[in-house]
Amino acid sequence: MTEARLDDLLRRAAATHRLSVERALAGLGVTLAQYAVLKTVFETPGISNAEIARAERLTPQTTSLVLANLERKRAVQRRAHERHGRIRRAEATELGACLLAACLDRLSGHHRRLAAALPAEGGGAVEAWLGRLAEMRV
């Protein structure tokens, strides 16, 4: 497979994934970035804006905007770090946990389609490869 072909397939797969997730979440008024950040905050209570940005491959400015929108939805609350006043730690609220559960419910069909598209011999190698791609330095 040529580099151009691999690049094209990855780009198209990412676009298809993004569109499917956006459509599934549209009824909840949640964007893909909001879902990703909410999931990260839920899984890592007390995470900082900078840590979220690194984990989700977002700019610090985008992360701040997404968190501000999640705060307006009362899905996330942020508090100042105990020793570093400029650092703010994010935590999902009870409403945020309910919103995340609703997102996951809406995405269940998408997740089933992804799993069904895996090779018959199993997706372990695919998952490992995607994990390595996701962790690559950019």
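Computed extension length for R137-A102: 9.4 nm, one decimal, from 0.36 nm per residue of separation with the Cα-Cα distance subtracted. So what's the gap between the Cα centers of region 33-62 and region 80-138, to the nearest angstrom? Region 33-62 and region 80-138 have Cα centres separated by 10 Å.
The eigenvalues of the Cα gyration tensor, multiplied by 5 and square-rooted, give region 18-135 an equivalent ellipsoid with semi-axes of 28, 18, 12 Å from largest to smallest. Considering the chain as a Gaussian network with a 10 Å cut-off on Cα pairs, which listed residue, V37, V126, V76, attains the greatest mean-square fluctuation? Fluctuation is largest for V126.
When +1 charges are put on Lys and Arg Cβ atoms and -1 charges on Asp and Glu Cβ atoms, the dipole computed for the chain relative to its Cα centre reaches about 440 debye. Scoring 48-57, 112-121 by mean Cβ neighbours within 10 Å over their residues and listing the highest first yields 48-57, 112-121.
Rounded to the nearest 500, the helix-only mean residue ellipticity at 222 nm of the chain stands at -21500 deg cm²/dmol, with each DSSP H run of n ≥ 4 adding -39,500 (n - 2.57). Axis of helix 3-25 versus longest Cα principal axis of the chain: the two differ by about 50°, to the nearest ten degrees. Tell me whether region 33-72 comes out rounded, prolate or oblate; compute the Cα gyration tensor, take square roots of the eigenvalues as a ≥ b ≥ c, and use a/c under 1.5 as the rounded threshold. Rounded is the answer for region 33-72, as its axis ratio a/c remains below 1.5.
Taking 0.36 nm per residue of separation and subtracting the current Cα-Cα distance, fully stretching the chain between R57 and T2 would add 17.2 nm.
Read the figures in this text as sums done on the coordinates, not as results from a lab. In this text, all values refer to a predicted model and were calculated from it rather than measured experimentally. Don't worry about glycine lacking a Cβ; one is built from the backbone with ideal geometry, like all the others, and counts go over all protein chains shown.
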